[in-house]
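> Have a look at this one before I ask anything.
The values are calculated or read from the model by the stated rules, or taken from the named source; none is laboratory data. Note that the structure is predicted; figures quoted are calculated from it, not measured. As a convention, Cβ positions derive from the backbone with ideal geometry for all residues, glycine included, and neighbour counts pool all protein chains shown.
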Amino acid sequence: MSSKKDINKQEPQTEEVKEEKVEAAAEEIKDEAKAESKEDKKDKKQKKESKKEAEIKETAEKLIQTEKEKYLRLCAEYDNFRKRSQKEREGLYADIKADTLLKFLPVYDNLERALSTPTADEAYRKGVEMTMVQFNQTLEKLGITEIPALGEKFDPNVHNAVMHVEDESLGENEVVEVFQKGFKLNDKVIRFAMVKVAN
């Protein structure tokens, strides 16, 4: 009988043990579920944070790109302004130089007339010649060149025709006489050559 009693005693204990095991397993499952839900929450939080970081990074990159484009535009505008200012300065200098030299050309014309006028005073003539040579050298140093005219084909870009003559012995549109010499500063015409044109 004692063995029956032992079995009866063991049975309730096994049931109690089973219940305890079930409860313990249930607790473990709950703990695991809580741990998993905490991990899920952490993952979700990390995903949200990484998504926000990605958005912030993208926005920052767009802002940087926009500012970079503004900077490049500003640099290009400044470079264009600098080049335009330099060109204007050079053009202004050339214009002022041309205007100033244009005012001296009547002096040149008077010296030429003085040389073409016959005179008995040889010292006077020599003085005018020296002045004319010096004047020509100064014009040359300043980049002023005489426009070739006599015997050339008439060019309306550098010649100003004030007379026309019909002569079969001369070529067509040939300059036969120069009334006033023309001058250029580099490629810019300061004064047109005043000429007579044949045919």
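> For region 113-127, give me each residue that is more than 58 Å from the chain's Cα centre (by Cα) and assigned to a loop (DSSP other than H, G, I, E, B).
P118, T119, A120, D121, listed by residue number.
> I've got another one for you. Do we have S50 as under 57 Å from the mean Cα position of the chain (by Cα), under 30 Å from L185 (Cα atoms), assigned to a helix (DSSP H, G or I) and not β-branched (V, I, T) here?
no
> What's the number of the only condition in (1) among the hydrophobic types (A, V, I, L, M, F, W, C); (2) surrounded by 14 or more Cβ atoms within 10 Å (Cβ to Cβ); (3) outside the structural domain of K188 (by TED's automatic domain parsing); (4) within 20 Å of M194 (Cβ to Cβ) that A161 fails to meet?
With (1) among the hydrophobic types (A, V, I, L, M, F, W, C); (2) surrounded by 14 or more Cβ atoms within 10 Å (Cβ to Cβ); (3) outside the structural domain of K188 (by TED's automatic domain parsing); (4) within 20 Å of M194 (Cβ to Cβ) applied to A161, the lone miss is (3).
> Next question. Going by the conditions given, is T145 assigned to a strand (DSSP E or B) and either among the hydroxyl-bearing types (S, T, Y) or under 17 Å from N199 (Cβ atoms) (or both)?
Against the criterion (assigned to a strand (DSSP E or B) and either among the hydroxyl-bearing types (S, T, Y) or under 17 Å from N199 (Cβ atoms) (or both)), T145 qualifies.
> Name the single residue that is nearest to T138 (Cα to Cα) among those in region 161-199 being in contact (Cβ under 8 Å) with a residue 40 or more places away in the chain and charged (D, E, K, R).
Just the residues of region 161-199 that are in contact (Cβ under 8 Å) with a residue 40 or more places away in the chain, to begin with: 180-181, 183-186, 188-193, 195, 197.
Among the residues that remain, those that are also charged (D, E, K, R) are: 181, 184, 188, 191.
Numbers: K181: 17, K184: 14, K188: 18, R191: 17 Å.
Checking each candidate, the answer is K184.
> Going through E112, E90 one at a time, which residue ends up being closer than 24 Å to F192 by Cα and in contact (Cβ under 8 Å) with a residue 40 or more places away in the chain?
E112
> Kindly indicate the residue of region 148-199 that is closer than 23 Å to K97 by Cα and part of a loop (DSSP other than H, G, I, E, B) and also farthest from the chain's Cα centre (by Cα) among those meeting that condition. Lay out the reasoning, then the answer.
The initial filter retains those residues of region 148-199 that are closer than 23 Å to K97 by Cα, namely 148, 157-160, 180-194.
Pick out the ones that are also part of a loop (DSSP other than H, G, I, E, B) and you get 148, 157-158, 181, 186-187, 192.
On the way: P148: 39, N157: 32, V158: 34, K181: 41, N186: 26, D187: 26, F192: 36 Å.
Ranking the qualifying residues of region 148-199, first place goes to K181.
> Kindly establish whether A98 is under 30 Å from M194 (Cβ atoms) and touching a residue at least 24 places away in the same chain (Cβ under 8 Å). Break it down into steps so the answer makes sense when it comes.
Working: under 30 Å from M194 (Cβ atoms): yes; touching a residue at least 24 places away in the same chain (Cβ under 8 Å): yes.
So A98 passes the test.
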